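The structure under discussion appears below in the form of structure tokens.
The values are calculated or read from the model by the stated rules, or taken from the named source; none is laboratory data. Computed from a prediction, not measured in an experiment: that's the story for all the values here. Glycine also receives a Cβ, built like all others from the backbone with ideal geometry; neighbour counts cover every protein chain displayed. Each accessible area value is taken on the protein alone, full model and side chains, heavy atoms only, with ligands, DNA and RNA left out. Shrake-Rupley method; radii C 1.70, N 1.55, O 1.52, S 1.80 Å.
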Amino acid sequence: MSLTIHTYERRWLEGMVEVYNRETAEERYIAPLTAELFLQLVEPKSYFDPKGLFVAEEGGVVLGWIHACVAAGSESWQNVQQKDARIRMLLFSRRRLDVGQELVRQATAWLKQSGREKALAIDASRGYPFYRGLWCGGEPMLPVTLPHVQAVLEIGGYKTNQQSILLTAQIDSPPQVPATAPDVAVEYREEMTPMAHEPMRESWVGFEPRSINATIQGQYAGSIGYVLIPHTQARLGSSCVNIWGLGVDERFRRKGIGGALIGRVLEAGYRLGARHATVGTQLWNAGAQLTYAKLGYEPACVMVGRECSLVEPAPNP
């Protein structure tokens, strides 16, 4: 039997789901995939191109798949006109590095046709057009606990350009919200997150991201974005609340506002039935990690983003 690479058709979806769930079975914070979730959260998006999703098959059995795309940045501050070449998913049997290498080769060749200078691989810098809310919560980067995936990307020319850390917390009882400094009177307003930025709205299809905004005497002091992720129940036993954005205005830092916002998210998550919490932050950001640690978060896994040049080097003169 020979290995064959196909582009996506629904007839391969059951096998793709089986590979995904088998290869992530030990990843508690990666939600299991079903065909229904793929058809609801991935395939309908405007930038989904079946020609960029490659499926490796041998003797009628799916051995792995890779999802490449060209999509705009999905964060609110990113230019919707700038589209980037990316790999957003890669999974294959860890006993078959040859399968992973061939999938990376074909996906990279397809991305080169886009005319972009580089490709991002499960990277955070341009947002998350696919698998948000399924893969490591709101920050779908590549865990180092999938070393066979890391290996074939490295061999395929994708070098590490980012390192983040996934922090997790248990919320088995109603959490205590930390107090802010006594010299500030903070008001909080919770709302559904407005999605005027179309790629961001589309990246959250199927979920209901919310924000808590803090003001002091009518002035913006900070905000936090969070979302309830129900699909983790099969592995965690409950839904999970994920923080996908946090910022405090420079004028009001060191007054406990960040900790109070995080505490309010944990409180909201508990009220909504979540008993687990996740957040991703840069590996170098010691300040953020210490803030989260004070509220019960622990390091769970390092996550890596990668990029590869799509431009052939000039020949030596």
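Condition first: aromatic (F, W, Y) and over 22 Å from A85 (Cβ atoms). Can you find one or more residues in the stretch 123-131 that meet it?
No, the stretch 123-131 has no match at all.
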**Complete:** In the stretch 198-226, anything among the aliphatic types (A, V, I, L, M) and surrounded by 15 or more Cβ atoms within 10 Å (Cβ to Cβ) is listed as M200, I212, A214, I216, A221, I224
**Complete:** The lone condition L33 fails out of (1) in a helix (DSSP H, G or I); (2) hydrophobic (A, V, I, L, M, F, W, C); (3) over 22 Å from W110 (Cβ atoms) is (1)
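Can you name the residue in the stretch 253-310 that is among the β-branched types (V, I, T) and under 18 Å from C136 (Cα atoms) and, of all such residues, is surrounded by the fewest Cβ atoms within 10 Å (Cβ to Cβ)?
Once the filter is applied, the top-ranked residue is V302.
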**Single condition G237 does not satisfy, out of (1) at positive phi; (2) under 17 Å from the mean Cα position of the chain (by Cα)** = (2)
**Fill in**
Filtering the stretch 1-60 for residues that are in contact (Cβ under 8 Å) with a residue 40 or more places away in the chain, open to solvent by 60 Å² or more (accessible area, probe 1.4 Å) and closer than 15 Å to G133 by Cβ leaves a count of 2
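Among the residues of the stretch 247-261, which ones are assigned to a helix (DSSP H, G or I) and touching a residue at least 40 places away in the same chain (Cβ under 8 Å)?
Across the stretch 247-261, the qualifying residues are F252, I257, G259, A260, L261.
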**Fill in**
For E191, the lone unmet condition from (1) open to solvent by 70 Å² or more (accessible area, probe 1.4 Å); (2) charged (D, E, K, R); (3) part of a strand (DSSP E or B) is (1)
**Prompt:** Can you name every residue in the stretch 84-109 that is open to solvent by 50 Å² or more (accessible area, probe 1.4 Å) and either assigned to a loop (DSSP other than H, G, I, E, B) or aromatic (F, W, Y) (or both)?
**Reply:** R94, R95, R96
**Message:** Going through V149, V144 one at a time, which residue ends up being over 27 Å from S76 (Cβ atoms), touching a residue at least 12 places away in the same chain (Cβ under 8 Å) and buried (at least 20 other Cβ atoms within 10 Å of the Cβ)?
**Reply:** V149
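Name every residue in the stretch 61-83 that is open to solvent by 20 Å² or more (accessible area, probe 1.4 Å) and free of Cβ contacts under 8 Å to residues at least 60 places away in the same chain, in order of residue number.
Hits for the stretch 61-83 are V61, V70, W77, N79, Q81, Q82, K83.
Could you tell me whether T160 is in contact with a strand residue (DSSP E or B) (Cβ under 6 Å, 6 or more places away or on another chain), assigned to a strand (DSSP E or B) and open to solvent by 10 Å² or more (accessible area, probe 1.4 Å)?
So T160 fits the description; yes.
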**Request:** Determine whether the stretch 166-175 contains at least one residue that is touching a Lys or Arg at 6+ places or on another chain (Cβ under 7 Å), surrounded by 15 or more Cβ atoms within 10 Å (Cβ to Cβ), touching a residue at least 60 places away in the same chain (Cβ under 8 Å) and not in a strand (DSSP E or B).
**Result:** yes
**Fill in**
Residues of the stretch 279-307 being more than 17 Å from V144 (Cα to Cα), under 19 Å from the mean Cα position of the chain (by Cα) and not in a helix (DSSP H, G or I), in sequence order, are N285, Y297
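Those residues that are part of a loop (DSSP other than H, G, I, E, B) and open to solvent by 70 Å² or more (accessible area, probe 1.4 Å), I need them from the stretch 110-123; list them, please.
Those that are part of a loop (DSSP other than H, G, I, E, B) and open to solvent by 70 Å² or more (accessible area, probe 1.4 Å): Q113, R116, E117.
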